[in-house]
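The values are calculated or read from the model by the stated rules, or taken from the named source; none is laboratory data. It should be emphasised that the depicted structure is a prediction, and the values quoted were computed from it without experimental measurement. Glycine also receives a Cβ, built like all others from the backbone with ideal geometry; neighbour counts cover every protein chain displayed. For the accessible areas, the whole protein counts, side chains as well, though only heavy atoms, and no ligand, DNA or RNA atoms are used. Shrake-Rupley method; radii C 1.70, N 1.55, O 1.52, S 1.80 Å.
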Amino acid sequence: MAEIEELSACEATRKMLQKAVDEGMETAFQRKEQQKGCAFGEAGTCCRYCNMGPCRINPKKPEEAKGVCGADVDTIVARNFARMVAAGTAAHSDHGRAVAQTLIMVAKGETTDYEIKDRVKLLEVAADLGIEIGDRDINDIALEVGERCLAMFGQQEGELEFAQRAPEPIKEIWRQLGIFPRGIDREVVELLHRTTIGVDQDYKNIILGASRCALADGWGGSMIATELQDILFGTPEPLESSANLGVLKEDEVNIIVHGHEPLLSEMIVLAASLPEMQEKAKAVGAKGINLAGICCTANEVLMRHGVPIAGNFLQQELALLTGAVEAMVVDVQCVFQGLGTIASCIHTDIITTSPKAKMPFARHIEFHEDKALEVAKEIVSTAIENFPKRGKVYIPDNKEPLIAGFNHEYVNYMLGGRYRASYRPLNDAIIDGRIRGVVGVVGCNNPKVKHDDVHVRVVKQLIMNGCLVVVTGCAAQTVAKAGLLLPEVAREICPRGLWEVCEAVGIPPVLHFGSCVDNSRILIALTAMVKEGGLGEAFYDLPACGCAPEWMSEKAIAIGHYFVSSGAAVVFGVGFPTLGSKNVTNFLFEELNDIFKNSWHLEPDPDKMVDKILSLIDMKREALGITAKRERILYDMAMRRELEI
Ligand code: SF4
Ligand code: MSK
């Protein structure tokens, strides 16, 4: 294996990787070294969509071969890209569907374990959907909101209702192109259909079809998940917590929630706090019950309850190797099968809860919304029973404080106050140059690059160059571990303009905006900036950019594509799955500028990624006529050392 020092920028991770090596335990970091990769797969030039294949085209000599059906490299690459978008959209949207179904159950009284926590948000969403409010019972309104959202999945014609929130000019572009998203399921099904053998063979048409599907994710499935979760569990507000493996406790029962959907984890938070459960834990010799999270479930319960983050995506196996985790409760998405192998060697129970996602070696305790608390209590009890079976424990002492729980509503309120909530101060700060631009840094970890390193370097340099950064997903957890989600960071490393704004408003320069589905919060925030005025007419005018420095999931491609298709510039790191086709890559990276007035970009090097983002932002500032040319901060050795976590 490569030197451990080179594998991660996170000290806790390096300590646990050494432990894994010492004990002969396998993790994703080792498996990555065993996998030699595939040049065809990496370039997107392998097709196995019918049984005449698999067909593969040498990315170095694409003109020399075609698939058996005659598909050329452009069609093959575009279809593979489109299928990633379809899969990512399906994952986010199935999550949204489950939340809509739960809201309906709550409204009908079919489950009493949940309640409507944010009535104001319910009324706002209802008003947005044109639902009559009057003096109607709150449950009637919730039922109609839930049913209208659920109907968006099966909608066959017309325009997706939440997509009406987007700025007018981009909606007009979607209409002219015939890609305004209709129903969420319809777009996923149609894209899968179009990419089967012998259907869509025009790579540009395939990519625009993928735009329609991705838009149904961002302005549909993901937005439904975010909005209805806020209604059910409360819209997050800033709160304190901490992050990294050091949040695990040696003398308590540790339960980690991992995956994406907060429906069950909300109940586990409640169950773990019940006196009967605390007593049970004490009866087996533990001081209490300690909850922690990994991946986006972690972000959901962090934002609403302050549950600490144990780690990000690539730390899931390492958390088990501490020997201190009694149960890891998983639902859907981003859960390594490798967890089962480690768990089978120690006392930890992996508890699967979704009928959609079972695992070998795992104990399955199925989650049902109508008996959610009962299931959560059973899971917590199982964890407690495991506590006396613990072997040797090693918890690295790394943890960092953080502030999380930001979103459009809070930013609006913080900037303008309760009675005149407004983005005006933010827009003004951008216009007068105190804030250079806004950057969304999102996405996963990927062992192809040094864990956490790219995220931290990029985010630090962005705020040092005066950009306000919003983070979601595992990127948010990475920068939390690096201590960047704290207000004092502004004065320590940001230029005067940015720290003055941060201090005046009382926010850190890096705002934790939530989970992967909460990238829809960024769509809403960008829309609010446009509507506030002074920064152009659509996302493509804003000095703003999105990036995913360490992405790995198909969901990241869906997210990137809905931002680009909504008019935002997006820069990805690591690599890109279309590089086997010059035409497709050129279409995504160049020609989309003529369509959506922004496009995809690839830049794996963190320093160059920052340069690219700043130049994209400065270009927009110039076009808006709000820029005095700025010097890029150059780094001497001491400053570069500072960038280490
Ligand atoms: Fe090969 Fe065409 Fe079948 Fe793909 S669809 S496997 S390119 S024959
Ligand atoms: S969890 S999709 S590894 S961000 Fe949303 Fe993290 Fe990426 Fe999963």
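May I ask which of Lys481/Lys531; Lys356/Lys389; Lys448/Lys612; Lys460/Lys555; Lys358/Lys450 have a Cα-Cα span longer than 27 Å here? Don't skip to the end; give the middle numbers.
On the way: Lys481/Lys531 34 Å; Lys356/Lys389 30 Å; Lys448/Lys612 21 Å; Lys460/Lys555 25 Å; Lys358/Lys450 30 Å.
From Lys481/Lys531; Lys356/Lys389; Lys448/Lys612; Lys460/Lys555; Lys358/Lys450, over 27 Å: Lys481/Lys531; Lys356/Lys389; Lys358/Lys450.
Contour minus end-to-end for Gln164 and Ala2, with contour as 0.36 nm per residue of separation and end-to-end as the Cα-Cα distance?
Working: separation 162, 0.36 × 162 = 58.32 nm, distance 4.99 nm.
In short, 53.3 nm is gained.
Roughly how many whole Å is it from the C-alpha centroid of the range 595-610 to that of the range 228-288?
38
Read phi for every residue in the range 209-225 and hand back ³J(HN,Hα) as whole Hz from Karplus 6.51 cos²θ - 1.76 cosθ + 1.60, θ = phi - 60°, with x for Gly and Pro.
Calculated HN-Hα couplings, in order: x, 5, 4, 4, 5, 4, 4, 5, 6, x, 9, x, x, 5, 5, 4, 4 Hz.
Quick query: amide H of Cys444 versus all other amide H atoms, modeled in the peptide plane; which residues come in under 5 Å with a sequence gap of 5 or more or a different chain?
Answer set, sorted by chain and number: Glu550, Trp551, Met552, Ser553.
Could you give the accessible area per residue of the range 245-389, probe 1.4 Å, as a whole number in Å²? Display every interim value, and only then the final one.
Details: 4410 Å² over 145 residues.
That works out to 30 Å² for each residue.
Return the lysines within reach of Lys392: Cα separation strictly under 21 angstrom, same-chain partners fewer than 8 residues apart disregarded; answer none if there are no such residues.
Qualifying lysines at Cα under 21 Å: Lys15, Lys19, Lys249, Lys282, Lys287.
Can you run phi through the Karplus equation (6.51, -1.76, 1.60; θ = phi - 60°) for the range 598-603 and list ³J(HN,Hα) in whole Hz, with x for Gly and Pro?
The phi angles translate into 7, 8, 6, 9, 10, 8 Hz.
Of all trypsin sites (Lys or Arg not before Pro) in the range 552-635, which ones are in loop regions per DSSP and have a Cβ with at most 13 other Cβ atoms within 10 Å? Write out the running numbers ahead of the final one.
Details: sites: Lys555, Lys582, Lys597, Lys608, Lys612, Lys620, Arg621, Lys629, Arg630, Arg632; in loops: Lys597, Lys629, Arg630, Arg632.
Sites meeting the loop and neighbour criteria: Lys629, Arg632.
If each DSSP helix of 4+ residues adds -39,500 (n - 2.57) and the sum is divided by the residues in the chain, what number results at 222 nm, nearest 500 deg cm²/dmol? Walk me through the numbers on the way to the answer.
Details: 29 runs with 312 residues, N = 645.
Helix-only estimate at 222 nm: -14500 deg cm²/dmol.
Compare the Cα positions of Thr89, Val106, Gly130 along the charge dipole of the range 61-145 (+1 at Cβ of Lys, Arg; -1 at Cβ of Asp, Glu; about the Cα centre) and return the one farthest towards the positive end.
Farthest towards the positive pole: Thr89.
If I compute solvent accessible area with a 1.4 Å probe over the protein chains, what percent of it on the range 245-389 is carbon and sulfur?
On the way: 2250 of 4410 Å².
That fraction is 51 percent.
Straight-line reach from Lys204: which lysines have Cα under 19 Å away, leaving out those fewer than 8 places along the same chain?
The reachable lysines, counting only those whose Cα sits under 19 Å from Lys204, are Lys66, Lys582, Lys597.
For Ile350, enumerate residues with amide H under 5 Å from its amide H, sequence gap 5+ or separate chain, H modeled in the peptide plane.
Here Met328, Arg363 satisfy the definition.
Once you put a point 7 Å from the Cα of Cys345 and another 7 Å from the Cα of Glu591, both along the Cβ direction, what distance in nm separates them?
The two pseudo-label positions are separated by 5.1 nm.
I'd like the Karplus ³J(HN,Hα) series for the range 23-33: coefficients 6.51, -1.76, 1.60, θ = phi - 60°, whole numbers in Hz, and an x wherever there's a Gly or Pro.
Karplus values, whole Hz, x for Gly and Pro: 9, x, 9, 9, 10, 4, 5, 6, 4, 4, 5.
Dividing the alpha-carbon radius of gyration of the range 407-624 by 2.2 N^0.38 Å (N being the number of residues), what value is obtained? Please report the intermediate quantities before stating the final value.
Numbers: Rg = 16.1 Å, N = 218, 2.2 N^0.38 = 17.0 Å.
Here the Cα radius of gyration is 0.95 times the empirical estimate.
Kindly provide the chymotrypsin sites (Phe, Trp or Tyr not before Pro) of the range 407-505 that DSSP labels as loop, not H, G, I, E or B, and whose Cβ sees at most 10 other Cβ atoms within 10 Å.
Details: sites: Tyr410, Tyr413, Tyr419, Tyr423, Trp499; in loops: Tyr419, Tyr423.
Sparse-neighbourhood loop chymotrypsin sites (Phe, Trp or Tyr not before Pro): Tyr419.
What are the residues whose amide H is under 5 Å from the amide H of Ile435, where those residues sit 5 or more places off or on another chain and H is modelled from the backbone?
Those qualifying (amide H under 5 Å, at least 5 residues apart or on another chain) are Ile430.
Just to confirm my numbers, what's the Cα centroid distance between the range 497-550 and the range 20-68 in Å?
The distance from the Cα centre of the range 497-550 to that of the range 20-68 comes to 37 Å.
Pull up the cross-link candidates among the aspartates and glutamates for Lys371, meaning alpha carbon to alpha carbon under 19 Å and not fewer than 8 places away within one chain.
Straight-distance partners of Lys371: Glu110, Asp113, Glu115, Glu261, Glu266, Glu276, Asp331.
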